[in-house]
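Visitor: Input: one structure, supplied below.
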Amino acid sequence: MRDGVVPPGRGPRPYAGFMSRSIRTAAVVLLGAAALTGCTAPGATSPEPTTETGAEMSENATIEELRADAKRVLGALHGIVPAAPEKDEFLSRIDALAPASCGSSGALRLAPALEGGGIEDPAAFVDEAERILAELGIPSTPEDRNGVLDGDAYVGAGLPDGRMVAIQAGPERTMVQYETACSDHESLRDALDQASDEALETGDDAPQSAPKPSRWGIHG
């Protein structure tokens, strides 16, 4: 794994209990996240989503559009991830990230992840992450829960086109997973073929085209 960007199929192992049923149904401290119209931590004011964020995406986006979208989202969240890789270097790695499968449809997407150190104030982290996601125009619904559980902050958001953000931040590690929209554009297939050819030349593992995402998009 290259620092800071997790290749498809070789990402972080699923977090134990990550947004389990008990969190979704019983933890009153957690409030909305898998698609973010304004979810908040307890007692906070819902942030107002904006529209001038470039959140709209072509129906059959090119890989360059998906890369730009991933950079926009992870670039905005980079500042709240402690000890994250240097921003420009991290964003440049997204350009080399091989596409991942969206499943049986044959469409492809990008699924980069940003990892950093631990946080000190989970509640404040949730508030700040929600504010950024609202500004990005990525809404949430009450079906998933944002908040703090057992000292870890959980934040998620998504859009109807399949884009999804999943964040878990604790005292030791912060992980941000992003999944772009799916696309059938030939540029994604070309990029996957190129990555496979390069892997054969270098002896590296071939890119895995069908990672199995968790409910919140964290790949196992």
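Visitor: Take I138 and tell me if it is within 24 Å of E89 (Cα to Cα), open to solvent by less than 30 Å² (accessible area, probe 1.4 Å), in contact with a Gly (Cβ under 8 Å, 6 or more places away or on another chain) and of a type outside the set (K, R). Steps first, answer last, please.
Guide: Numbers: within 24 Å of E89 (Cα to Cα): no; open to solvent by less than 30 Å² (accessible area, probe 1.4 Å): yes; in contact with a Gly (Cβ under 8 Å, 6 or more places away or on another chain): yes; of a type outside the set (K, R): yes.
So I138 fails the test.
Visitor: Answer yes or no: is there a residue in the stretch 117-133 that is surrounded by fewer than 24 Cβ atoms within 10 Å (Cβ to Cβ), within 29 Å of E59 (Cα to Cα) and in contact with a Pro (Cβ under 8 Å, 6 or more places away or on another chain).
Guide: So far as the stretch 117-133 goes, yes, one or more of its residues are surrounded by fewer than 24 Cβ atoms within 10 Å (Cβ to Cβ), within 29 Å of E59 (Cα to Cα) and in contact with a Pro (Cβ under 8 Å, 6 or more places away or on another chain).
Visitor: Of all residues being more than 17 Å from the chain's Cα centre (by Cα) and outside any loop (DSSP other than H, G, I, E, B) in the stretch 69-111, which is nearest to R131 (Cα to Cα)? Just the residue, please.
Guide: D88
Visitor: Something else about it: Which one of the conditions (1) open to solvent by 10 Å² or more (accessible area, probe 1.4 Å); (2) in contact (Cβ under 8 Å) with a residue 60 or more places away in the chain; (3) in contact with a strand residue (DSSP E or B) (Cβ under 8 Å, 6 or more places away or on another chain) does H78 fail to meet, given that it meets all the rest?
Guide: Here H78 meets the rest and fails (2).
Visitor: While we're here: Of the conditions (1) of a type in the set (A, V, I, L, M); (2) at pLDDT 50 or above; (3) crowded, with 22+ Cβ neighbours inside 10 Å, A34 fails just one. Which one is it?
Guide: Tallying (1) of a type in the set (A, V, I, L, M); (2) at pLDDT 50 or above; (3) crowded, with 22+ Cβ neighbours inside 10 Å, A34 fails exactly one: (2).
Visitor: With the requirement that a residue be open to solvent by 40 Å² or more (accessible area, probe 1.4 Å) and either in contact (Cβ under 8 Å) with a residue 24 or more places away in the chain or closer than 16 Å to M164 by Cβ (or both), what does the stretch 85-95 give you? Lay out the reasoning, then the answer.
Guide: Applying the first criterion (open to solvent by 40 Å² or more (accessible area, probe 1.4 Å)) to the stretch 85-95 yields 86-89, 92, 95.
If the condition is that a residue be open to solvent by 40 Å² or more (accessible area, probe 1.4 Å) and either in contact (Cβ under 8 Å) with a residue 24 or more places away in the chain or closer than 16 Å to M164 by Cβ (or both), then E89, D95 are the ones that fit.
Visitor: Name, by its number, the condition in (1) on the phi > 0 side of the Ramachandran plot; (2) at pLDDT below 90 that does not hold for A55.
Guide: For A55, the failing item is (1).
The values are calculated or read from the model by the stated rules, or taken from the named source; none is laboratory data. Just so you know, these numbers come straight off a predicted model, no measurement behind them. Methodologically, a virtual Cβ is constructed for each residue, glycine included, from the backbone with ideal geometry; neighbour enumeration extends over all protein chains shown. The accessibility values were calculated without ligands, DNA or RNA, using every heavy atom of the protein model including side chains. Shrake-Rupley method; radii C 1.70, N 1.55, O 1.52, S 1.80 Å.
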